[in-house]
Each structure stands twice: as C-alpha cells, then as structure tokens.
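Engineer: The structure is given below, and queries will be raised subsequently.
The values are calculated or read from the model by the stated rules, or taken from the named source; none is laboratory data. Since we're looking at a predicted model, the values are computed, not measured. Glycine gets a Cβ as well: all are built from the backbone with ideal geometry, and neighbour counts include every protein chain shown.
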Amino acid sequence: MSHHIVEANDLHYTYPDGTVGLSGVSFRIMHGESVALVGENGAGKSTLLLHLNGFLSAANGEVRIGGYPIVPGNLNTIRRAVGMVFQNPDDQLFMPTVFDDVAFGPLNLGLADAEVENRVLEALDTVGAAHLKRRPPYKLSQGEKRSVAIATVLVMSPDILVMDEPTSSLDPMSRARLIELLKTFRHTKIIATHDLDMAMDLCERTIVLHRGKITADGPTFKIFQDEALLHRSSLEKPLRMQDCPVRNNPE
C-alpha cells in the first residue's frame, strides 16, 4: 500500500431493521493525520468505523484504503494496515492470558515463535503493560484492558489506528495515561469519541456526524468554537472552552 490514504465516497448503509446508519458520507484522510469523529449517540460514528476494515459493507458507495477498495479479496491486506480498537475491550480479549491475546494475531500470520514473543513484549512495553503478560484479561481493570486491547492492535504493526470511544469508562489517571500514549504514535489516527477535550489534545482535524451525514469537517478548534453547530449536533463545547462557574460566581 502506498500513502495509506483513507477515502470514503458517497457511503450509504442501512441496518436490517431499516435504521439508516450512513447517508452519503464522503471524506479523505491523509497519511499521518489525526482525526476525531464526533456526534451524538446514533449519529453513525461506530457504523462508519466498522466500514474502515470491512466489518460492515456499504449498500452504496465505496471505502478505499491506500487506493485499495474494501472488497472481500482485499480484506487481509486492509486489515493488516488498519488496526481497530473497539469501544469495549472485552470484545477483543478472549484468550486465557494477556500474552496469548496479544500473540493471537502474529501467530495467525504464521510467524516464528521467537518473533511472535519479541513482537508481543514490544507491544506490551509500548503501552506500559509488560507486567500484565501472565494475567488473565478478566482480572484487569478497565484501563489495563484498554492498554492490552491497544497492544493487540500494535503488535500487527498497522499504519492506521482506528479507535471507538477509547476513554470510555476510564478513571482520570488512566485517561491521562492513554492520551499521553496516543500522542507518541505516528500512525494515522481516526478516533470516534464523545470526549471533546481528548479530541483537542490529539486531533488537529474533526469530522462531525449528525444523523448519518457529515455536517462539518475542519480544524478541531474552529469546529468546537461553533456553538450553533455543536447545538445542532447535540454536543457541548469541551470543558476547557466553557466559562468557569467558580470564576464567574465567586463565593
């Protein structure tokens, strides 16, 4: 793959019950960009992410990764390039130990045991979870599970990191550690989130989805200054951009 550009062209998707998930979504994300995907519940964020590595297939329109259309014959190539971190880490952790979970992908590539072990230890070290390698995933905290889920993706050396609500259910310290970790990654990052303060920390560009359509696409700070746009999208300004009630109403 060259450049690893992510493109969606007039993407439409309707769920079997008739619910419209996406309605004419188009965008182009360049290699190395960090892009936040924001919108109210049901806006289509998760639906869109699931199209980026072929978990869902559009009824109309097309998604291309690095020039390759997402079609059955290209899925293996595309899924090596696009690493997906789901909203619930339990959807990704299913093996007896953390080491086994992180090793699952490389083993399925047919890599030698020594290379698999090196990759696993490097990925766990990157997310600060090397000490957890022999622990069963179900005994981990939410923050630890999130770190391990990210390691299961990093071990495959993706060029594009796709994350669905990565700070969901994290305590403040775990959230801060995750943000600092993600700042070190040079991958293309596409992050669906309600955490607009995190989006400001990580993403220079934001795409706003509302009822399955893109209603804005531009610099993150400029979009979060647009109160009318945020209101129409059932969003609020990031906390750091809101007036402080203590400052405005001192006791």
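Engineer: Considering the stretch 75-120 alone, what residues qualify as being farther than 30 Å from GLU62 by Cβ and of a type in the set (Val, Ile, Thr)?
Structural biologist: Scanning the stretch 75-120 gives THR97, VAL98, VAL102, VAL116, VAL120.
Engineer: With respect to the numbered conditions (1) under 21 Å from GLU7 (Cα atoms); (2) more than 20 Å from the chain's Cα centre (by Cα), which one is the sole condition not fulfilled by ILE65?
Structural biologist: Every listed condition holds for ILE65 apart from (2).
Engineer: Same structure, new question: Please find, among ARG135, ARG119, ARG177, the residue that is within 18 Å of the chain's Cα centre (by Cα) and not aromatic (Phe, Trp, Tyr).
Structural biologist: ARG177
Engineer: Next up: Is it fair to say ILE65 is crowded, with 21+ Cβ neighbours inside 10 Å, in contact with a Ser or Thr (Cβ under 8 Å, 6 or more places away or on another chain) and touching a residue at least 12 places away in the same chain (Cβ under 8 Å)?
Structural biologist: Spelling it out, it is not the case that ILE65 is crowded, with 21+ Cβ neighbours inside 10 Å, in contact with a Ser or Thr (Cβ under 8 Å, 6 or more places away or on another chain) and touching a residue at least 12 places away in the same chain (Cβ under 8 Å).
Engineer: Given (1) farther than 14 Å from VAL85 by Cβ; (2) of a type outside the set (A, V, I, L, M); (3) over 15 Å from the mean Cα position of the chain (by Cα), identify the lone condition not met by ASP159.
Structural biologist: Among (1) farther than 14 Å from VAL85 by Cβ; (2) of a type outside the set (A, V, I, L, M); (3) over 15 Å from the mean Cα position of the chain (by Cα), the lone unmet condition for ASP159 is (3).
Engineer: Hey, among ARG135, ARG79, which residue is at pLDDT below 90, surrounded by 14 or more Cβ atoms within 10 Å (Cβ to Cβ) and either under 22 Å from ILE214 (Cα atoms) or not β-branched (Val, Ile, Thr) (or both)?
Structural biologist: ARG79
Engineer: How many residues does the stretch 191-209 contain that are touching a helix residue (DSSP H, G or I) at 6+ places or on another chain (Cβ under 7 Å) and more than 22 Å from PRO172 (Cα to Cα)?
Structural biologist: Residues in the stretch 191-209 being touching a helix residue (DSSP H, G or I) at 6+ places or on another chain (Cβ under 7 Å) and more than 22 Å from PRO172 (Cα to Cα): 5 in total.
Engineer: Quick one: which of LEU170, LEU161, LEU93 is outside any helix (DSSP H, G or I), within 26 Å of ILE70 (Cα to Cα) and free of Cβ contacts under 8 Å to residues at least 60 places away in the same chain?
Structural biologist: Every option except LEU93 fails the conditions.
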